[in-house]
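Participant: Right, I'll just put the structure down here and ask away after.
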Amino acid sequence: MNHLSGFEDTIVAIATPPGVGAIGVIRLSGSDALAIAGKIFKGRELTLQPSHTVHFGHIIDPGGGEFIDEVVVTIFKGPKSYTGEDVVEISGHGSPYILRKILEAAVATGARLARAGEYTQRAFLNGKLDLAQAEAVADLIAADSKAQQQAALQQLRGGFSGELAQLRDQLINFAALIELELDFSDEDVEFADRAQFKSLIANLKSQISNLLNSFQLGNVIKNGVAVAIIGKPNVGKSTLLNALLNEERAIVSDIAGTTRDTIEETLNIKGVLFRLIDTAGIREHTLDQIESIGIKRSKQNAEKAALILHLSDITDPDNTPIDWLAPFADKTITVWNKTDHKGNQKSAIRNKESEIAISAKNNTGIEALKDLMYEKAIGDTIKTENTIVTNARHYEALAKMMESLQAIETGMEQGLTGDLLSIDIRRALHYLGAITGQVEVDRDILGTIFGKFCIGK
Ligand code: GDP
């Protein structure tokens, strides 16, 4: 048994998703996990078994003694477990009925049902994960593209936390020197070399600013790139939509923040999620015909989108560009459609970075268009060695930290005294620590972070 955690109760939850599966896992965590599991398990005496061992046996109903399931039990003794406490995982047959019976048996013998995210919260409070890593667990569980998985994994492995820890050490060093000066304030000494400090602050600012800039990309990874397909009636918008979605077609998903009537379909290009916005509008031809409504809706979509596919008919002799799209040129790819048509085709592409010719109907150029979409939206910014901020809470803390660094810099220029400087340094350290949980994090914030998990995580 371990008493590291300071938690009184042993928690239990079904760790596998709802529904029928080949196996289902019930997880117990807490100082009585082995004793509780031992009371409902018929097989070896669990409390006597070494850590990280697996045991075959039966689960019996503690009330009537009847047989519930044939199971395999895995023991992880704290602190070498996910939560840092004693953990027992019972793998039974994946029927919701059986899993519920095992859960009830564990509760009847003294376990309490776990709250959402409580396992990861315990792991955090026991020092197994820092806060940024705990949040990465939630992201990892929710990841449905390779890029999301990689960003979360990098954060979970501590890449992000490691980078912050280095910044923190540098600042703490300096704070210590400045505060030492305060003790000798009568003697007018300077332990902290101001020139060195200046370059440290400049260095920190540039690192924080890299992290802040990565948020835009992080957001893209987490939420996908919003794409609008815009073009006059009959240029082939629905045909292109179908060609793009062809094999990659994803389920029409309920992405948070989008309403039911603006249907979005998603497309996975090289592991990045692209969200095709307002596909309902593209499919409803009548809306395009009623020009004023169609244009208003298209304009709104163009504004919302991170990437615009401006579709035109290459054979249309009267092909005037859509003038209201001009301000969005930076995020627009001009797509010339119907290259298969024998009609009067326009001259060759002028700008390979933002123009492409395709035949949506014959599926020619669709892969090249996808590559171009990826290049335009992501470019080569995704490099595994770069830390990417994907979390809005981290972004805010970094932004606040940046403000404090700015204040320190201005303060030094104005010859601010050490005691005032040290207030700003402490403030900067506070925000840095808030990301990894090295300072007291507000109970409410913890509740919000862990509440987002599902039960059993
Ligand atoms: P939308 O009004 O912009 O959504 O256009 P549609 O996708 O409904 O296409 C209008 C017409 O153009 C349909 O008859 C399509 O079959 C045709 N079309 C679309 N793409 C191509 C293409 O690449 N080549 C040819 N020849 N016809 C196309």
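Participant: Based on the Cβ-Cβ distance from LEU212 to PHE67, what FRET efficiency comes out when R0 is 51 Å, to the nearest 0.05? Display every interim value, and only then the final one.
Facilitator: Details: r = 59 Å, r/R0 = 1.15.
Between LEU212 and PHE67 the formula returns 0.30.
Participant: Report, ordered by chain and residue number, the lysines lying within cross-link reach of LYS42, taken as a straight Cα distance under 18 Å and ignoring same-chain residues fewer than 8 apart.
Facilitator: List returned: LYS101.
Participant: Of the cross-linked pairs LYS146/LYS304; LYS146/LYS222; LYS222/LYS299; LYS331/LYS352; LYS39/LYS77; LYS80/LYS146, which ones have a Cα-Cα span greater than 22 Å in the structure shown?
Facilitator: Numbers: LYS146/LYS304 24 Å; LYS146/LYS222 11 Å; LYS222/LYS299 25 Å; LYS331/LYS352 14 Å; LYS39/LYS77 17 Å; LYS80/LYS146 29 Å.
Beyond 22 Å: LYS146/LYS304; LYS222/LYS299; LYS80/LYS146.
Participant: When a/c is below 1.5 the answer is rounded, else prolate if a/b is larger than b/c, else oblate, so apply that to region 1-81 with a ≥ b ≥ c taken from the square roots of the Cα gyration tensor eigenvalues. Don't skip to the end; give the middle numbers.
Facilitator: Details: a/c = 1.59, a/b = 1.33, b/c = 1.19.
Here region 1-81 falls in the prolate category.
Participant: Could you run the Karplus curve 6.51 cos²θ - 1.76 cosθ + 1.60 with θ = phi - 60° over region 319-326 and give me ³J(HN,Hα) per residue in whole Hz, x for Gly and Pro?
Facilitator: Computed from phi, the couplings for region 319-326 are 8, 7, x, 6, 5, 6, 7, 3 Hz.
Participant: Also: Got a sec? How would GLU367, GLU85 order by Cβ neighbour count within 10 Å, fewest to most? All intermediate terms of the calculation are to be shown ahead of the outcome.
Facilitator: Working: GLU367 11, GLU85 29.
With the fewest neighbours first, GLU367, GLU85 line up as GLU367, GLU85.
Participant: Report the FRET efficiency, 1/(1 + (r/R0)^6), for ARG100 and LYS299, where r is their Cβ-Cβ distance and R0 is 56 Å, rounded to 0.05. Kindly include the intermediate steps, with their values, before the conclusion.
Facilitator: Numbers: r = 52 Å, r/R0 = 0.94.
Calculated value: 0.60.
Participant: While we're here: Taking the highest mean first, how do the peptides 423-432, 50-59, 220-229 order by number of other beta carbon atoms within 10 angstrom per residue? Don't jump to the answer; show the numbers that get you there.
Facilitator: On the way: 423-432: 19.6, 50-59: 13.6, 220-229: 23.4.
The peptides rank, most packed first, as 220-229, 423-432, 50-59.
Participant: Which residues' amide hydrogens lie under 5 Å from the amide hydrogen of ILE269, considering only partners 5 or more residues apart or on another chain, with H built in the peptide plane?
Facilitator: Amide H neighbours of ILE269: PHE274.
Participant: Suppose R0 equals 60 Å. What FRET efficiency, 1/(1 + (r/R0)^6) with r the Cβ-Cβ distance, do ASN242 and ARG426 give to the nearest 0.05? Walk me through the numbers before you get to the answer.
Facilitator: On the way: r = 58 Å, r/R0 = 0.97.
Taking R0 as 60 Å, the efficiency between ASN242 and ARG426 is 0.55.
Participant: Which of the lysines could a cross-linker span from LYS205 if the Cα-Cα distance has to be under 17 Å and same-chain partners fewer than 8 positions apart are dropped?
Facilitator: Cα-Cα hits under 17 Å: LYS400.
Participant: Between GLN414 and ARG194, what is the label-to-label distance in nm when each label sits 7 Å out along the Cα-to-Cβ direction?
Facilitator: Here the answer is 1.5 nm between the modelled labels.
Participant: OK, next. Considering amide H positions built from the backbone, and no H for Pro or chain starts, which residues 5 or more places from ASP69, or on another chain, come under 5 Å of its amide H?
Facilitator: ILE59
Participant: Using amide H atoms built in the peptide plane, which far-off residues or other-chain residues are under 5 Å from ARG112 H to H?
Facilitator: THR10, ILE11, VAL12
Participant: Now for a different question. Show me, for region 50-65, the HN-Hα J-couplings you get by feeding each phi into the Karplus relation (A = 6.51, B = -1.76, C = 1.60, θ = phi - 60°), rounded to Hz, glycine and proline as x.
Facilitator: x, 5, 6, 10, 10, 9, 8, x, 10, 9, 10, 5, x, x, x, x
Participant: Oh, and also: Using a 10 Å cut-off on Cβ atoms, rank the peptides 396-404, 316-324 from the highest mean neighbour count down. Let's see the in-between values first.
Facilitator: Working: 396-404: 18.8, 316-324: 11.2.
Result, highest mean first: 396-404, 316-324.
Participant: Let me ask something additional. How many nm separate the modelled label positions at GLN406 and ASP9, each set 7 Å beyond the Cα in the direction of the Cβ?
Facilitator: For the pair GLN406/ASP9, the computed spacing is 4.6 nm.
Participant: In terms of the Cα gyration tensor, with a ≥ b ≥ c the square roots of its eigenvalues, is region 1-150 rounded because a/c is under 1.5, prolate because a/b exceeds b/c, or oblate?
Facilitator: oblate
Participant: How far is it, in nm, from the label point at LEU153 to the one at ARG393 when both lie 7 Å from their Cα along the line to the Cβ?
Facilitator: Spacing of the two 7 Å Cα→Cβ label points: 2.4 nm.
Participant: Cα gyration tensor of region 95-174, axes a ≥ b ≥ c as square roots of the eigenvalues: rounded (a/c below 1.5), prolate (a/b > b/c) or oblate? Intermediate values should be presented prior to the final figure.
Facilitator: Working: a/c = 5.58, a/b = 1.89, b/c = 2.95.
It comes out oblate by the Cα gyration axes.
No value in this document is a laboratory result; all are computed from the given coordinates. Predicted, not measured: the structure shown is a model, and the values here were computed from it. Backbone-built Cβ (ideal geometry, glycine too); neighbour counts: all protein chains shown.
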